[in-house]
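Asks: I'd like to ask some things about the structure below.
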Amino acid sequence: MKKRVAILISGGGSNMVRLVEDMADPDHPAEPVLVLANDPAAGGLEKARALGVPTAVVDHRPFRGDRAAFEAALQAELEKARPDIICLAGFMRVLTEGFVRKWQGRMLNIHPSLLPKYRGLHTHARALQAGDVEHGCTVHEVTPELDDGPILGQARVPVKPGDTPETLAARVLRQEHRLYPAVLRRFAAGDRTPVMLD
Ligand code: GAR
């Protein structure tokens with residue numbers, strides 16, 4: 001039986017597309033059952049539909065900061081789809097401890113830095129500001145602490161002279177597109193050995 005995967009997005013969804021494309025392989029241990037966005041304008045929704053994946057939207061705005069109520073609605077959509085694994089892929093809402101605990105061990109996130117460096121936002125600008133010579137991305141299990149949790153994979157990129165946050169972000173994103181599918185394949189097969197890419 002393939003593992004059922006729900007992918008949570010907030011924006012363009014390029015990582016989601018790569019995960020779905022990789023799961024099209026008949027030998028892949030998982031299949032996409034839902035793409036869920038917290039923004040009805042998320043560009044990834046149309047891409048998911050084009051790929052034939054069911055979509056849902058739980059707009060966070062009407063909840064006006066009531067995170068527990070927002071997450072109850074999220075949980076209801078997820079329970080309908082019955083995922084075995086949740087992949088956060090550019091999902092830009094911070095999840096509460098209560099929600100995370102429900103899915104802990106089954107929820108992955110991709111973060112655009114070499115964790116434990118640069119948790120949170122503006123990771124590319126912070127790496128440049130620090131004068132780092134390398135940067136990258138991390139896939140990790142989601143635990144209640146933000147951008148923490150066991151590391152399941154990392155991919156590195158060089159920082160080049162003249163880089164801006166935008167050029168660096170684009171280089172990292174290309175690595176994200178390699179790393180996340182590689183980690184999901186391994187994780188869905190029950191193997192949590194980290195994937196390390198250069
Ligand atoms: C990716 O770079 C991902 O690492 C980042 O958002 C981008 C989403 O791109 N995630 C975070 O910053 C999470 N805090 P995508 O929508 O094209 O996959």
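The values are calculated or read from the model by the stated rules, or taken from the named source; none is laboratory data. Predicted, not measured: the structure shown is a model, and the values here were computed from it. With ideal geometry, Cβ positions are generated from the backbone for all residues, glycine too; neighbour counts draw on all protein chains shown. Please note that ligands, DNA and RNA were not included when accessible areas were found on the heavy atoms of the full protein model with its side chains. Shrake-Rupley method; radii C 1.70, N 1.55, O 1.52, S 1.80 Å.
Asks: Pick from Leu88, Leu78, Leu121: which is most flexible by mean-square fluctuation in a GNM of the chain where alpha carbon atoms under 10 Å apart are linked?
Replies: Fluctuation is largest for Leu121.
Asks: Quick one: ranking Arg186, Arg171 by accessible area, 1.4 Å probe, largest first, what do you get?
Replies: The residues order as Arg186, Arg171, largest area first.
Asks: Something else now. Skipping prolines and chain starts, which residues have an amide H placed within reach, meaning under 5 Å, of the one on Gly12, given they are 5 or more residues away or on another chain?
Replies: Gly43, Gly44
Asks: Grab the DSSP H runs of the chain that are 4 residues or longer, score each as -39,500 (n - 2.57), total them, divide by all residues and round the 222 nm result to the nearest 500 deg cm²/dmol.
Replies: Numbers: 6 runs with 71 residues, N = 198.
After summing the helix terms and dividing by residue count, I get -11000 deg cm²/dmol.
Asks: Next question, about the same structure. Taking only pairs that are 8 or more places apart or on different chains, how many Lys pairs in the chain have Cα atoms under 29 angstrom apart?
Replies: For the chain, the number of qualifying lysine pairs is 11.
Asks: Between Leu197 and Leu121, 0.36 nm times their residue separation minus their Cα-Cα distance comes to what?
Replies: Difference between extended and current length: 25.1 nm.
Asks: Something else: Starting at the first residue of segment 108-124, write each ³J(HN,Hα) from the Karplus equation 6.51 cos²θ - 1.76 cosθ + 1.60 with θ = phi - 60°, in whole Hz, x for Gly and Pro.
Replies: Taking θ as phi minus 60°, the curve returns 10, 9, 10, 10, x, 7, 8, 4, x, 6, 6, 5, x, 9, 6, 5, 6 Hz for segment 108-124.
Asks: Another question about this same structure. Could you check the simple spin-label distance between Gln104 and Ala73, using points 7 Å along Cα→Cβ, in nm with one decimal?
Replies: So the two model labels end up 2.7 nm from each other.
Asks: Calculate how steeply helix 67-81 sits against the longest principal axis of the alpha-carbon atoms of the chain, using the helix alpha-carbon long axis, and give the answer as 0 to 90 degrees to the nearest 10.
Replies: Rounded to the nearest ten degrees, it is 70.
Asks: Pairing the Cα long axis of helix 165-188 with the longest principal axis of the chain, what angle in degrees results, from 0 to 90 and rounded to the nearest 10?
Replies: Once rounded, one gets 50 degrees.
Asks: For the chain, go through all pairs of different Cα atoms, get the mean of 1/r, take its inverse, and jot down that Kirkwood value in Å. Can you show the working numbers first?
Replies: Working: mean 1/r = 0.0589 Å⁻¹.
About 17.0 Å, per the Kirkwood formula over Cα pairs.
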